[in-house]
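The values are calculated or read from the model by the stated rules, or taken from the named source; none is laboratory data. These figures come from a predicted structure and were not determined experimentally. Cβ coordinates were reconstructed from backbone atoms using ideal geometry, including for glycine residues, and neighbour counts include every protein chain displayed.
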Amino acid sequence: MADEKNLFLGLDSSTQGLKCTIIDEALNTVYEKAINFDRDLPQFGTRGGAHAQADGLTVTAPALMWVAALDLLLDRVRADGAPLARVRAISGSGQQHGSVWLNGEAAGKLRNLQADQSLEAQLADIFSIADSPIWMDSSTTAQCEALEQALGGPQAVADLTGSRAYERFTGNQIAKIYRNQPEAYAATARIALVSSFIPSLLIGGFAPIDASDGSGMNLMDIRTKTWAPAALDATAPDLATRLGPIVASHACVGMLAPWFRQRYGFAGDVQVIAFSGDNPNSLAGLRLQDPGDVAISLGTSDTVFGFLAEAKPSASEGHIFANPVDPDAYMAMLCYKNGSLTREFMRDQSAGGSWKQYAQHLEATPVGNGGCIGFYIRDPEITPPILNTGIWRFDAGGAAVTQFDPAQDCRAVYEGQFLSMRLHGRNVGFKPRRILATGGASVDMSLIRVMCDVLGAPVFVAEKADSASLGAAYRALHGWRCAQAGTFVPYAGILRDATPFKQVATPDADAHAVYTTMLERYAELEMKVVIQ
Ligand code: XUL
């Protein structure tokens, strides 16, 4: 009987909004709802869900906005009459690296939530720092250098934590706050990730960090999945107690607090499964299980990631994270800051604000753009590291030029993004046999064409372009099954009934050959931009 089906809820607290997806045990999506921070919570004054500071490097988001978003989303879900009473477990996703700073009052206030008041009204005073540093921040170069120096260089940090020191990684953000705001640090009882903060609201207490999102902090030993004492010591004093424990990503971290039952009609025994980062959740949502599967997520950030059996961290490229669906495996990832916002910038500047016109520009220009290559660095870039923003254009002879025509600019943005993924992906060992595309921009077929031809592998898309929220719902089901079995059960088992992904593009051999010829030139020009 359809009405008695068990349901599983995934929540995705991303850079730009909060979304929920409810699935049944056969992985069918039965309900979805999303809110957008800028549009639906204008009182917080964000742009793209964030506040960019005048220095061009510091980027924060108001922690209370994430609380208000949960109130608002659940109010709308209830108004829709969604079947919350049948939800058996909840898991979720958070933008990676962002930290939420909770004061000494927080635990008591979380424990004593009153059903007649919103979360926002009750939790406005629980933060020792109101503005959370988020992943878009690149203001901690000094702290990164200090960590690498303390631990014996970039490779040593990568070997220990899975990545060399990166500005956005939470440990370096913590080191900066400890140095610049020592009173706020002293007043902090718990430093949560976005992915451990949202479940803290759900269970009415501090939820632990999961090993997969914990890998994005430069603080966790990537092999033992415990805090690395040397990294903690080099970051800030008395840090271990402020971070709390690390749990496996499939662990149940507590039961849903009575507040949610009283206000929204959830059942009394809903399990909350550890939340994780958005990229780990996308890996779960895209069901990556084979090293030849490479996922490309096109969102505020673009990321490229794949499943790995072993961790071989590199100091020059990318990140290794604990795998969110297999405690013995890993995932590798590259992250780009100049993703959707850069594509949208070019759409507005050169295609009259229309994706249709953007696609026409692509049709009007040859594969390979007649040798024109551009670098469009609107925000300080992570892959490769480019701190100075600007636009660099090169003609077929490699000479720097100040302008392309609008169609060439549009093509250069797309081709450059995927040439970079091919170049840097090769360096981290990706050998794509199948590409799974996700994220808002994965519905753009002219972009998928370029992706497919540059990377030379067939492209598949899921039915829905938001794999993080869906992956969180899958993980809720997975964690619930593990809890029922009293032991870890393989993730593949829950995927059996999933609808296969749809192939949307096959590579064109001639076009791929053009990009193969371009790649070394692209690498040389990129080097010029990196060292300028
Ligand atoms: C990954 C990263 C971003 C954020 C936001 O390292 O910084 O992808 O997770 O999406």
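A quick yes/no check of all residues on (1) surrounded by 16 or more Cβ atoms within 10 Å (Cβ to Cβ); (2) under 27 Å from the mean Cα position of the chain (by Cα):
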| position | (1), (2) |
| --- | --- |
| Ala85 | no, no |
| Gly98 | yes, yes |
| Ala121 | no, no |
| Ala124 | no, yes |
| Ile129 | yes, yes |
| Glu148 | yes, yes |
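With the condition being more than 25 Å from Ala158 (Cβ to Cβ), under 26 Å from the mean Cα position of the chain (by Cα) and among the hydrophobic types (A, V, I, L, M, F, W, C), I'd like the helices (runs of 4 or more DSSP H) fully within region 204-275 carrying at least 2 qualifying residues. So that I can check it myself, show each step before the final result.
Details: elements: 211-214, 229-235, 239-243, 258-264.
It comes to none.
So, restricting to strands (runs of 3 or more DSSP E) that lie completely within region 91-141, which ones have at least 3 residues that are more than 13 Å from the ligand (Cβ to nearest atom)? Lay out the reasoning, then the answer.
On the way: elements: 99-103, 127-129, 131-133.
The qualifying strands (runs of 3 or more DSSP E) are 99-103, 127-129.
Could you tell me which of the residues Ile203, Ile222, Ile246 is modelled with pLDDT of 95 or more, more than 22 Å from Lys312 (Cα to Cα) and touching a strand residue (DSSP E or B) at 6+ places or on another chain (Cβ under 7 Å)?
Working: Ile222 fails: more than 22 Å from Lys312 (Cα to Cα); Ile246 fails: more than 22 Å from Lys312 (Cα to Cα).
Step by step, each of Ile203, Ile222, Ile246 is checked, and only Ile203 is modelled with pLDDT of 95 or more, more than 22 Å from Lys312 (Cα to Cα) and touching a strand residue (DSSP E or B) at 6+ places or on another chain (Cβ under 7 Å).
Looking at (1) within 29 Å of Ser195 (Cα to Cα); (2) in contact with a Gly (Cβ under 7 Å, 6 or more places away or on another chain), which one does Arg433 not meet, given that it meets all the others?
For Arg433, the exception is condition (1).
If I go through region 510-531 residue by residue, how many of them are under 16 Å from Arg422 (Cα atoms) and either out of contact with any strand residue (DSSP E or B) (no Cβ under 9 Å at 6 or more places or on another chain) or at pLDDT below 95 (or both)? Spell out how you get there, then give the answer.
Pass one, region 510-531, residues under 16 Å from Arg422 (Cα atoms): 511-527.
If we keep only those that are either out of contact with any strand residue (DSSP E or B) (no Cβ under 9 Å at 6 or more places or on another chain) or at pLDDT below 95 (or both) too, we end up with 511-517, 519-520, 523-524, 527.
The qualifying residues number 12.
Has region 364-380 got at least one residue that is under 30 Å from Leu283 (Cα atoms), loosely packed, with under 15 Cβ neighbours inside 10 Å and either more than 16 Å from the ligand (Cβ to nearest atom) or touching a residue at least 40 places away in the same chain (Cβ under 8 Å) (or both)?
No.
Which of the residues belonging to region 1-30 are more than 16 Å from the ligand (Cβ to nearest atom) and outside any strand (DSSP E or B)? Can you show your working first?
First, pick out the residues of region 1-30 that are more than 16 Å from the ligand (Cβ to nearest atom): 1-9, 20-30.
Listed by number, the residues that qualify are Met1, Ala2, Asp3, Glu4, Lys5, Asn6, Glu25, Ala26, Leu27, Asn28.
Looking at the structure I just gave you, is Leu72 within 27 Å of Ala124 (Cα to Cα), in a strand (DSSP E or B) and more than 15 Å from the ligand (Cβ to nearest atom)? Please lay out each step first, then the result.
On the way: within 27 Å of Ala124 (Cα to Cα): yes; in a strand (DSSP E or B): no; more than 15 Å from the ligand (Cβ to nearest atom): yes.
Answer is no for this residue.
Among the residues of region 340-378, which ones are closer than 23 Å to Val401 by Cβ, outside any helix (DSSP H, G or I) and touching a helix residue (DSSP H, G or I) at 6+ places or on another chain (Cβ under 7 Å)?
Matches in region 340-378: Ala351, Ala364, Thr365, Val367, Gly368, Cys372, Ile373, Gly374, Phe375, Tyr376, Arg378.
Taking the options Ala150, Ala158, Ala82, name whichever one is assigned to a loop (DSSP other than H, G, I, E, B) and either away from the ligand (no atom under 16 Å from the Cβ) or modelled with pLDDT of 95 or more (or both). Step through it out loud before you land on a result.
On the way: Ala150 fails: assigned to a loop (DSSP other than H, G, I, E, B); Ala158 fails: assigned to a loop (DSSP other than H, G, I, E, B).
None of the others qualify; the one that does is Ala82.
In region 1-29, what residues are crowded, with 18+ Cβ neighbours inside 10 Å and aliphatic (A, V, I, L, M)? Show your work before the answer.
Keep residues of region 1-29 that are crowded, with 18+ Cβ neighbours inside 10 Å, which gives 7-24, 27.
Those that are crowded, with 18+ Cβ neighbours inside 10 Å and aliphatic (A, V, I, L, M): Leu7, Leu9, Leu11, Leu18, Ile22, Ile23, Leu27.
For region 36-43, state whether one or more residues are within 16 Å of the ligand (Cβ to nearest atom) and either at positive phi or part of a strand (DSSP E or B) (or both).
Among the residues of region 36-43, at least one is within 16 Å of the ligand (Cβ to nearest atom) and either at positive phi or part of a strand (DSSP E or B) (or both), which makes the answer yes.
Counting only residues that are touching a strand residue (DSSP E or B) at 6+ places or on another chain (Cβ under 9 Å) and of a type in the set (Val, Ile, Thr), which one in region 225-243 is surrounded by the most Cβ atoms within 10 Å (Cβ to Cβ)?
For region 225-243, the residue satisfying everything is Thr226.
Taking Asp326 as the residue in question, decide whether it is assigned to a loop (DSSP other than H, G, I, E, B) and closer than 23 Å to Cys20 by Cβ. Reasoning before the result, please.
Numbers: assigned to a loop (DSSP other than H, G, I, E, B): yes; closer than 23 Å to Cys20 by Cβ: no.
No.
Does at least one position in region 258-274 carry a residue that is of a type outside the set (A, V, I, L, M, F, W, C) and under 14 Å from Pro199 (Cβ atoms)? Can you show your working first?
Looking only at region 258-274, we keep the residues that are of a type outside the set (A, V, I, L, M, F, W, C), and these are 258, 261-265, 268-269, 271.
Imposing the further condition that a residue be under 14 Å from Pro199 (Cβ atoms) reduces the set to 271.
The answer is yes, given that some residue of region 258-274 is of a type outside the set (A, V, I, L, M, F, W, C) and under 14 Å from Pro199 (Cβ atoms).
Mind checking which residues of region 498-522 are of a type outside the set (Asp, Glu) and in a helix (DSSP H, G or I)? Spell out the reasoning first.
Residues of region 498-522 of a type outside the set (Asp, Glu): 498-507, 509, 511-519, 521-522.
Correct list: Ala509, Ala511, His512, Ala513, Val514, Tyr515, Thr516, Thr517, Met518, Leu519, Arg521, Tyr522.
If the requirement is being in contact with a helix residue (DSSP H, G or I) (Cβ under 8 Å, 6 or more places away or on another chain), within 16 Å of the ligand (Cβ to nearest atom) and not small (Gly, Ala, Ser), which of these qualifies: Arg164, Arg179? Break it down stepwise before answering.
Details: Arg179 fails: within 16 Å of the ligand (Cβ to nearest atom).
Going through Arg164, Arg179 in turn, just one is in contact with a helix residue (DSSP H, G or I) (Cβ under 8 Å, 6 or more places away or on another chain), within 16 Å of the ligand (Cβ to nearest atom) and not small (Gly, Ala, Ser): Arg164.
Would you say Ala63 is in contact with a Ser or Thr (Cβ under 8 Å, 6 or more places away or on another chain), of a type outside the set (S, T, N, Q), within 27 Å of Thr241 (Cβ to Cβ) and at pLDDT 95 or above?
Details: in contact with a Ser or Thr (Cβ under 8 Å, 6 or more places away or on another chain): yes; of a type outside the set (S, T, N, Q): yes; within 27 Å of Thr241 (Cβ to Cβ): yes; at pLDDT 95 or above: yes.
Against the criterion (in contact with a Ser or Thr (Cβ under 8 Å, 6 or more places away or on another chain), of a type outside the set (S, T, N, Q), within 27 Å of Thr241 (Cβ to Cβ) and at pLDDT 95 or above), Ala63 qualifies.
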